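The structure appears right after this line, and notes come after that.
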Amino acid sequence: MATVQSWSGTITDIGPLYPFVGSELFMVVVAGVLWLAWHLFQLKVEANEYEEEAARLRDGDTLKRATEREG
Amino acid sequence: MALSGGMLATYLVSKGDAFWTYSGGLAGVIAASAGNDLYHPLQAFLIGAIVPVIAYKLHYYAERRFKLDSAVGAVAVHGYAGFLGVVIAGFMLWGYPSSPTEGYAPITPWGNFIGAVIMFGGLGLLPGYVAAKILDRLGLLRIPREVELAGLDLSLELQREVDATEIRKDVAEQIAAAPAAHA
């Protein structure tokens, strides 16, 4: 059922306008879990990327050539 | 909230692609905009996170299946996300009065779906298709095949390079001719 049945009257008398009033805690939990999951996933992806990059630099003389070029 | 949801979600699905991360944010805003005057911020966040992922998947599906190239992803961001946003608003705001004027029909999923079809099909796809057909008939739609294959940017770069070489050649010839003129 829609939260608002009619737009007549003053807005302050109507109260919350958003749908599914009462599900705020559930939405906060979902958003919090998503926020946490996103960061865990991102940390994992980032760690893998750095590890791959480091492994590539450790092979052969890539790192030596890169640092020599800077000098 | 919809912007952040879209950016976070498409960052994940596109594996950190900057283009899709920002496009996903925009798609999130567009997806939630149909009901943003009534959504709770977290509802906007969740809709803004879910829809851009679907739009992203649809973009590559249409490219693979129908060979339709949308180079900047505009069809996905504005079309797929916009269409889905209107359809989702029909479910989220089911039963809300559509107008402050008494007697107007309340919001329904089927009403919003028909509205989405009218907007995106009747007012978007159809006029766009007709305009493209007219441009095609006039020969204004496509660039020459060779330029297309080389890539428009690359072709312009090559032209600039050719121009620069010719200028250098002219200057060299003038310098070579200069002592003779004095003599």
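The values are calculated or read from the model by the stated rules, or taken from the named source; none is laboratory data. Everything numeric in this text was worked out from a predicted model, so none of it was measured. FYI the Cβ positions are ideal-geometry reconstructions off the backbone, even for glycines, and counts take in every protein chain you see.
Could you tell me how many of the residues in segment B:1-21 are aromatic (Phe, Trp, Tyr) and out of contact with any helix residue (DSSP H, G or I) (no Cβ under 7 Å at 6 or more places or on another chain)?
Residues that pass the stated criteria total 1.
Testing B:Glu173 on (1) of a type outside the set (Phe, Trp, Tyr); (2) exposed (fewer than 10 other Cβ atoms within 10 Å of the Cβ); (3) assigned to a helix (DSSP H, G or I); (4) modelled with pLDDT of 75 or more, one condition comes back false. Which one is that?
Failing condition for B:Glu173: (2).
Listed residues B:Tyr11, B:Tyr104; which is within 13 Å of chain A (Cβ to nearest Cβ), farther than 29 Å from A:Glu46 by Cα and surrounded by fewer than 24 Cβ atoms within 10 Å (Cβ to Cβ)?
So the residue among B:Tyr11, B:Tyr104 that is within 13 Å of chain A (Cβ to nearest Cβ), farther than 29 Å from A:Glu46 by Cα and surrounded by fewer than 24 Cβ atoms within 10 Å (Cβ to Cβ) is B:Tyr104.
Would you be able to say whether some residue in segment B:56-68 is outside any helix (DSSP H, G or I), free of Cβ contacts under 8 Å to residues at least 24 places away in the same chain and of a type in the set (A, V, I, L, M, F, W, C)?
Yes, segment B:56-68 contains a residue that is outside any helix (DSSP H, G or I), free of Cβ contacts under 8 Å to residues at least 24 places away in the same chain and of a type in the set (A, V, I, L, M, F, W, C).
Rundown of residues vs (1) loosely packed, with under 10 Cβ neighbours inside 10 Å; (2) at pLDDT below 90, yes/no style:
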position	(1), (2)
A:Trp7	no, yes
A:Thr10	yes, yes
A:Leu17	no, yes
A:Glu24	no, no
A:Val28	no, no
A:Glu49	no, yes
A:Thr62	no, yes
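What number of residues within segment B:85-125 are within 19 Å of the chain's Cα centre (by Cα) and either without any contact (Cβ under 8 Å) to a residue 12 or more places away in the chain or under 29 Å from A:Ile11 (Cβ atoms) (or both)?
Number satisfying all stated conditions: 9.
Given the criterion on the phi > 0 side of the Ramachandran plot and touching a Ser or Thr at 6+ places or on another chain (Cβ under 8 Å), identify the matching residue among B:Gly25, B:Gly73. Walk me through it before giving the result.
Working: B:Gly25 fails: on the phi > 0 side of the Ramachandran plot.
Result: B:Gly73 is the single residue among B:Gly25, B:Gly73 that is on the phi > 0 side of the Ramachandran plot and touching a Ser or Thr at 6+ places or on another chain (Cβ under 8 Å).
Residues in segment A:20-31: is at least one within 11 Å of chain B (Cβ to nearest Cβ), within 25 Å of B:Ile47 (Cβ to Cβ), among the hydrophobic types (A, V, I, L, M, F, W, C) and touching a strand residue (DSSP E or B) at 6+ places or on another chain (Cβ under 7 Å)?
no
Anything in segment B:77-93 that is within 14 Å of another protein chain (Cβ to nearest Cβ) and not aromatic (Phe, Trp, Tyr)? List them, or say none.
Within segment B:77-93, B:Ile88, B:Ala89, B:Gly90, B:Met92, B:Leu93 meet the criteria.
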